[in-house]
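Okay, structure first, notes after.
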Amino acid sequence: MAGTVDALGSGVTGVEIGDPVFGPAVYRGTSAGAADQAVLNLWFPRPAGLGPVEAAALPMAVETAYRGLAALGAVSGKTVLVSGAGTTIGFAAAQIAVRLGARVITSAGKTYADRLREAGPRSSRTAKASVSG
């Protein structure tokens, strides 16, 4: 989900009314993110330049990428191939795998190859991080 904060619950910090945010929808029933208003218990600031539609797609794509990597077990020190890394899920998987300490090889069409090459060296200099969940 993505939108603008129009109310804050008691004790909520780190966000103000009017801030653009995005986050995962609580999936109950069939509506998921199809609502005019939502209550989020987890959100992220929406960066300038990232539209609400693109932002709304990120939580599910990143979670899907993470779950796929988690199914592999520990990837630190291993080589991981991300086929189709030009997709939102593939791009997220490549970045997460690098942050988890993997050597990442990607495949993508000509449209996204340069973007992946550009992300590689910058990502490889990023400090290693662990993800739990």
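When you look at V80, is it touching a strand residue (DSSP E or B) at 6+ places or on another chain (Cβ under 6 Å) and more than 21 Å from A25 (Cα to Cα), yes or no? Here the answer is yes, as V80 does meet what is asked.
When residues in the stretch 71-86 are screened for being assigned to a loop (DSSP other than H, G, I, E, B) and either surrounded by fewer than 18 Cβ atoms within 10 Å (Cβ to Cβ) or among the hydrophobic types (A, V, I, L, M, F, W, C) (or both), 8 of them pass. Selection within the stretch 100-123: residues that are at pLDDT below 85 and of a type in the set (A, V, I, L, M, F, W, C). The member of this set that is nearest to I89 (Cα to Cα) is L116.
Entry remark, the stretch 56-69: residues being farther than 21 Å from L81 by Cβ and more than 9 Å from the chain's Cα centre (by Cα) number 1 in total. Taking the residues in the stretch 1-22 that are closer than 16 Å to A48 by Cβ and of a type in the set (D, E) as candidates, determine which candidate is surrounded by the fewest Cβ atoms within 10 Å (Cβ to Cβ). Selected residue: E16. Taking the numbered list (1) buried (at least 17 other Cβ atoms within 10 Å of the Cβ); (2) of a type in the set (S, T, N, Q); (3) more than 19 Å from the chain's Cα centre (by Cα) in turn, Q95 passes all entries but (3).
So, in the stretch 43-70, exactly how many residues are in a helix (DSSP H, G or I) and in contact with a helix residue (DSSP H, G or I) (Cβ under 7 Å, 6 or more places away or on another chain)? Show your work before the answer.
At the first step, the residues of the stretch 43-70 found to be in a helix (DSSP H, G or I) are 52-70.
Imposing the further condition that a residue be in contact with a helix residue (DSSP H, G or I) (Cβ under 7 Å, 6 or more places away or on another chain) reduces the set to 57, 61-62, 64-66, 68-69.
So the count comes out to 8.
Can you confirm whether G33 is over 14 Å from A2 (Cβ atoms) and either at pLDDT below 90 or of a type in the set (S, T, N, Q) (or both)? Criteria not met by G33.
The set of residues in the stretch 42-69 that are of a type in the set (K, R) and surrounded by 15 or more Cβ atoms within 10 Å (Cβ to Cβ) contains only R46. Kindly check whether there is at least one residue in the stretch 18-29 that is modelled with pLDDT of 90 or more, over 13 Å from the mean Cα position of the chain (by Cα), under 30 Å from E118 (Cα atoms) and not in a loop (DSSP other than H, G, I, E, B). Scanning the stretch 18-29, I find at least one residue that is modelled with pLDDT of 90 or more, over 13 Å from the mean Cα position of the chain (by Cα), under 30 Å from E118 (Cα atoms) and not in a loop (DSSP other than H, G, I, E, B), so the answer is yes.
The values are calculated or read from the model by the stated rules, or taken from the named source; none is laboratory data. What you see is a predicted model, and the numbers here were worked out from it, not measured in a lab. All Cβ positions, even for glycine, are placed from backbone atoms using ideal geometry, and neighbour counts span all protein chains on display.
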